[in-house]
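Input: a single structure, listed below in structure tokens.
The values are calculated or read from the model by the stated rules, or taken from the named source; none is laboratory data. Everything quoted here is computed from the prediction, not taken from an experiment. Please note: Cβ atoms are built from the backbone with ideal geometry, for glycine as well, and neighbour counts cover all protein chains shown.
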Amino acid sequence: MNNTTTNNTTTNNTTTNNNTTTNNNTATSNTPSGASTVTIVGAGMMGSALAFPARENGHAVRIVGTHLDRGIIEGYRKTGKLPKFSRPFPEGVEYYDVEDLERALEGADLLIGGVSSFGVDWFAEKVLPLVPETLPVLSVTKGLIADEKGVLITYPEYWKRKLAPKKLCLNAVGGPCTSYELVYKDPTVVSFCGENPGTLRRLKAIMETDYYNIEITDDVAGVECAVALKNAYALGVAIAVGVNEKVNGNGIGEALERVRSYAQVGVSDKINQSSVPLHYNSQAGVFGQSCREMQKLLKLLAGSDRSLHVGIGDLYVTAFSGRTRLLGLLLGLGLTLDEALRELSGITLESNVIIQRMATTLREMAARGEVDPGEFPLMFRLGEILLDNKTADLPWGSFVTGTP
């Protein structure tokens, strides 16, 4: 699908005196006939990044901030740009405060859920009850959550159960995609997953561009488990980088300076601007073990490993850039979890959540004799690091399988 921006004449560089009504009236008049309306709830990086392909395809786009996003939405109105993105939003993107959520949902053809895993219950309680059953939902939220029996389930399944008997069309997106590189138009391949192939084809038609390529699948559990697990295992790869710096580097000060610089400007290359050469053997060793354990966990949690490629691709991009890389680097350098979290204050860390949930569940399953801890040495060690405050040493010997 070709990108179309030539028909858009509305500016998104509004002042504080502009309100959403003014934006709505102007933008709607400049949206091509037959175009869709995409409402994005959550003004975080990934939700905001999806405004780019949607608007460049000629659709009306409305970004709604949560109750925590007031400052972000105000910044969008003033500058038309998220500071960590390389370019401003396409002209005509509209910005709403959470109090205007119902108005932002009027006439929408697609709702994108852009909240983090910390906002899953808020999204279920404040947003989804307002959504008609005819409006498809596409979630970017990554993670798993335990149900009342302690079984890990996906967020779409969690929402489905909470909203019953209401039946919403819940879909999700997963795959190797960082928000700032999507905005930069780096060629990207993701998976849209859901139960209705016809709906998925419609969502693909709305969102796909020449740089945002979309495969569709009905393997919701597989995709969602895969992309949640990659956040956990990416931390293991990043810890190997931090350990290398601790052993061969110039002390923690230089590394902390890079981490703090990244946290301010959001440029992933900052992470790798070290005077210490990167050692790839250790990273690759953890990466390989991560793939092995992810495959086993997908079979355990989702019943199939057919979406393993989605998780492996996402693991690669997450391990080499982004927020999880920062946490792993700090832990590998020798900081405790509490110390690392203080350094990264204000940064959403999905890896911390999924590791604690996954490790807790595996411990309970192991206690019941349902899994062998020896099958998941890396995940159990990550659990010890985050749950038990153990040092970030990796169990290299456990990565070696027995001889046939």
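Quick check: anything in the range 175-189 within 18 Å of residue 128 (Cα to Cα) and within 22 Å of the chain's Cα centre (by Cα)? No: zero hits.
Restricted to the range 14-54, and to residues there that are of a type outside the set (Ser, Thr, Tyr) and at pLDDT below 55, the residue that is surrounded by the fewest Cβ atoms within 10 Å (Cβ to Cβ) is 17.
Look at the range 48-69: where a residue is farther than 26 Å from residue 348 by Cα and a partner is modelled with pLDDT under 95 and among the aliphatic types (A, V, I, L, M), sitting 6+ places away or on another chain with Cβ atoms under 7 Å, you get 57/1; 58/35; 59/35; 60/27; 60/35. From the set of residues in the range 361-373 that are touching a residue at least 60 places away in the same chain (Cβ under 8 Å) and surrounded by 15 or more Cβ atoms within 10 Å (Cβ to Cβ), which is nearest to residue 385 (Cα to Cα)? This residue is 361. Scanning the range 251-283 for residues being over 16 Å from residue 347 (Cβ atoms) and either at pLDDT 95 or above or polar (S, T, N, Q) (or both) gives a total of 7. Of all the criteria given as (1) assigned to a strand (DSSP E or B); (2) over 29 Å from residue 213 (Cα atoms), the one not satisfied by residue 95 is (2). Listed conditions (1) touching a residue at least 40 places away in the same chain (Cβ under 8 Å); (2) among the aliphatic types (A, V, I, L, M); (3) surrounded by fewer than 18 Cβ atoms within 10 Å (Cβ to Cβ) are all met by residue 163, apart from (1).
Among the residues of the range 159-176, those that are under 19 Å from residue 223 (Cβ atoms) and touching a helix residue (DSSP H, G or I) at 6+ places or on another chain (Cβ under 7 Å) comprise 159, 168, 169, 170, 171, 172, 174, 175, 176. Restricting the range 277-298 to residues that are aliphatic (A, V, I, L, M) and touching a residue at least 12 places away in the same chain (Cβ under 8 Å), the residue that is farthest from residue 249 (Cα to Cα) is 298. Just one of the numbered conditions (1) at pLDDT 95 or above; (2) assigned to a loop (DSSP other than H, G, I, E, B) is not true of residue 11: (1). Total residues in the range 110-166 satisfying the condition of being in a helix (DSSP H, G or I) and not small (Gly, Ala, Ser): the figure is 20. In summary, residue 350 fulfils each of the numbered conditions (1) surrounded by fewer than 16 Cβ atoms within 10 Å (Cβ to Cβ); (2) within 16 Å of residue 290 (Cβ to Cβ); (3) of a type in the set (D, E, K, R) with the single exception of condition (1).
Taken across the range 288-295, residues that are under 21 Å from the mean Cα position of the chain (by Cα), of a type in the set (A, V, I, L, M, F, W, C), at pLDDT 95 or above and in a helix (DSSP H, G or I) do occur, with at least one present. Condition first: under 21 Å from the mean Cα position of the chain (by Cα) and at pLDDT 95 or above. Can you find one or more residues in the range 89-96 that meet it? Checking the range 89-96: at least one residue is under 21 Å from the mean Cα position of the chain (by Cα) and at pLDDT 95 or above.
Which fully enclosed helices (runs of 4 or more DSSP H) of the range 298-404 have 2 or more residues being touching a Ser or Thr at 6+ places or on another chain (Cβ under 6 Å), basic (Lys, Arg) and within 30 Å of residue 215 (Cα to Cα)? Give the steps one after another, and end with the answer.
Details: elements: 308-320, 323-333, 337-343, 350-367, 377-387.
Of the helices (runs of 4 or more DSSP H) lying wholly inside the range 298-404, none has at least 2 residues that are touching a Ser or Thr at 6+ places or on another chain (Cβ under 6 Å), basic (Lys, Arg) and within 30 Å of residue 215 (Cα to Cα).
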